[in-house]
1. Given the condition free of Cβ contacts under 8 Å to residues at least 12 places away in the same chain and of a type in the set (A, V, I, L, M, F, W, C), answer yes or no: does some residue in the stretch 116-128 qualify?
2. Check GLU50, GLU32 and return the single one that is more than 24 Å from THR113 (Cβ to Cβ), of a type in the set (Asp, Glu) and not in a loop (DSSP other than H, G, I, E, B).
3. Write out, first by first residue and then by second, each pair whose Cβ atoms fall under 6 Å of each other, whose residues are 6+ apart or on separate chains, and whose first residue, in the stretch 76-91, is without any contact (Cβ under 8 Å) to a residue 40 or more places away in the chain while the second is open to solvent by 60 Å² or more (accessible area, probe 1.4 Å) and part of a helix (DSSP H, G or I).
4. Taking the condition more than 15 Å from VAL36 (Cβ to Cβ), surrounded by fewer than 20 Cβ atoms within 10 Å (Cβ to Cβ) and in contact with a Gly (Cβ under 8 Å, 6 or more places away or on another chain), does ARG106 pass?
5. Somewhere in the stretch 84-91, is a residue crowded, with 20+ Cβ neighbours inside 10 Å and within 14 Å of the chain's Cα centre (by Cα)?
6. Every residue in the stretch 132-160 that is open to solvent by less than 50 Å² (accessible area, probe 1.4 Å) and among the acidic types (Asp, Glu), please.
7. Of ILE129, ILE101, which residue is touching a Leu at 6+ places or on another chain (Cβ under 7 Å), over 30 Å from GLN44 (Cα atoms), part of a helix (DSSP H, G or I) and open to solvent by less than 80 Å² (accessible area, probe 1.4 Å)?
8. Within the stretch 30-59, restricting attention to residues that are under 11 Å from PHE77 (Cβ atoms) and open to solvent by less than 70 Å² (accessible area, probe 1.4 Å), which residue is modelled with the lowest pLDDT?
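The values are calculated or read from the model by the stated rules, or taken from the named source; none is laboratory data. A quick note: this is a predicted structure, and the numbers were derived from the prediction, not measured. Heads up, the Cβs are rebuilt from the backbone with ideal geometry, glycines too, and the neighbour counts pull from every protein chain shown. Quick note on the areas: whole protein, heavy atoms, side chains included, nothing else; ligands and nucleic acids left out. Shrake-Rupley method; radii C 1.70, N 1.55, O 1.52, S 1.80 Å.
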Amino acid sequence: GLVVCLPKVGWQVAQIDFVLIDQLYDFRILIESYAVDVLCKLNQPSLLLEPLCKDWLVSKSKRLSDSKAVGELDEEFHSALVRAVGNEQMNKTHHDITQRIRMVRRLDFTKPTRIHETYEEHGLILNTILFRRRTEAVRLIKAHIEQSKIEVRKITLSVLYEAKVDAV
């Protein structure tokens, strides 16, 4: 979906479809909210979440700052939550959504403040799951993804505006 074939013209970069991006983010919210809810119902969610805790529940001095590395780690965080539920079809759908919005999701980490906020938000989400506070955990994952959706849109529009101004 990144390029469009125009008959007798050639290939053209596809326009950004914010409606589609919003729909995919909303679908992510549904899947990940369900995953967090299920994880909170487990007797020992810590066994499944231990690798995530090692990456995200770290002191500020041990946090990554490279946007590409944080983007990959963030993607793994969200994927791991869904995988932990054990629903293969849900995992495949989530993976497909992740692939389709990867480019815009990674924009979120071009700002150092978003990297810091992501560490804080992921830490809160993990802790609420570990303490099995379902309502709060679901609220936090929804807010986290929604905030990312908003930030990505702002960054994308800003980059497009700057490119347009530079082209003139």
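1. No, because not a single residue in the stretch 116-128 is free of Cβ contacts under 8 Å to residues at least 12 places away in the same chain and of a type in the set (A, V, I, L, M, F, W, C).
2. Details: GLU32 fails: more than 24 Å from THR113 (Cβ to Cβ).
Among GLU50, GLU32, only GLU50 is more than 24 Å from THR113 (Cβ to Cβ), of a type in the set (Asp, Glu) and not in a loop (DSSP other than H, G, I, E, B).
3. ASN91/ARG83
4. Numbers: more than 15 Å from VAL36 (Cβ to Cβ): yes; surrounded by fewer than 20 Cβ atoms within 10 Å (Cβ to Cβ): yes; in contact with a Gly (Cβ under 8 Å, 6 or more places away or on another chain): yes.
In short, yes.
5. Checking the stretch 84-91: not a single residue is crowded, with 20+ Cβ neighbours inside 10 Å and within 14 Å of the chain's Cα centre (by Cα).
6. GLU151
7. Working: ILE129 fails: over 30 Å from GLN44 (Cα atoms).
Only one candidate passes the filter, namely ILE101.
8. Residues of the stretch 30-59 under 11 Å from PHE77 (Cβ atoms): 32, 49, 51-53, 55-56.
Now narrow it down to the ones that are open to solvent by less than 70 Å² (accessible area, probe 1.4 Å): 32, 49, 52-53, 55-56.
On the way: GLU32: 98, LEU49: 93, LEU52: 96, CYS53: 96, ASP55: 97, TRP56: 97.
Out of the qualifying residues, it is LEU49.
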